[in-house]
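*Asks:* Input: one structure, supplied below.
The values are calculated or read from the model by the stated rules, or taken from the named source; none is laboratory data. This one's a predicted model, so the numbers in the text were calculated from it and none came from an experiment. All Cβ positions, glycine included, derive from the backbone under ideal geometry; neighbour counts span all protein chains shown. Accessible surface is based on the protein model in full, side chains and every heavy atom, while ligands, DNA and RNA are left aside. Shrake-Rupley method; radii C 1.70, N 1.55, O 1.52, S 1.80 Å.
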Amino acid sequence: MATHITTDCINCGACEPECPNEAISEGDDIYVIDPNLCTECVAFHDYEACQAVCPVECCIPDPGNVETEQTLYDRAVKLHEDKSFPRLDVLPNDLSHFRKKKA
C-alpha cells in the first residue's frame, strides 16, 4: 500500500529529501505523498525512509491503497529506467520490507 501522511504532520519537511522517488511534496498545510510515485521504498530499503525520519510518526501505510511487493517493485523499475535493479525473485532482504523476518 502506498504510504500517506496524516494530518498530524508538523510540516517539518524531514521526509521529502529521503524519498528515492520524489513522491513527497509540500502541500497547503502538510506534506503529501503521490501514490503513483510511492514504492514504499521497495528496491531501495527494507524500511520506508519517510517513516524512519518522521518525528511525529505520521507517514503510515494507506489502508485504502493496498499494493503488492510486485506492484511496488514494478513501479520502482518504471520510475528509475536508468537504474539497474536485481530481479524481484532475487531481490535481497535489505531492499524490501516485505522480506523482513516476522518476529
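*Asks:* Look at the range 6-47 and say how many of its residues are over 21 Å from Glu81 (Cβ atoms) and not in a loop (DSSP other than H, G, I, E, B).
*Replies:* 8
*Asks:* Condition test on Ala52, is it assigned to a loop (DSSP other than H, G, I, E, B) and modelled with pLDDT of 95 or more?
*Replies:* No, not satisfied.
Residue-by-condition table, conditions (1) at pLDDT below 95; (2) open to solvent by 50 Å² or more (accessible area, probe 1.4 Å); (3) more than 10 Å from the chain's Cα centre (by Cα):
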position: Thr3; (1), (2), (3): yes, no, no
position: Asp8; (1), (2), (3): no, yes, yes
position: Cys15; (1), (2), (3): no, no, yes
position: Ala23; (1), (2), (3): no, no, no
position: Tyr31; (1), (2), (3): no, no, yes
position: Glu40; (1), (2), (3): no, no, no
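*Asks:* Condition first: closer than 14 Å to Ala23 by Cβ and part of a loop (DSSP other than H, G, I, E, B). Now tell me which residues in the range 55-64 satisfy that.
*Replies:* Listed by number, the list holds a single entry, Asp62.
*Asks:* Let me ask something additional. If Gly64 meets every condition in (1) within 26 Å of Ile30 (Cβ to Cβ); (2) surrounded by 12 or more Cβ atoms within 10 Å (Cβ to Cβ) apart from one, which number is that one?
*Replies:* The one condition Gly64 does not meet is (2).
*Asks:* Pairs, please: C-beta under 9 Å, at least 6 apart or cross-chain, first residue under 19 Å from Lys78 (Cβ atoms) and in the range 31-55, second open to solvent by 60 Å² or more (accessible area, probe 1.4 Å) and assigned to a loop (DSSP other than H, G, I, E, B)?
*Replies:* Pairs found: Asp34/Glu22; Leu37/Glu22; Cys41/Tyr47; Ala43/Lys83.
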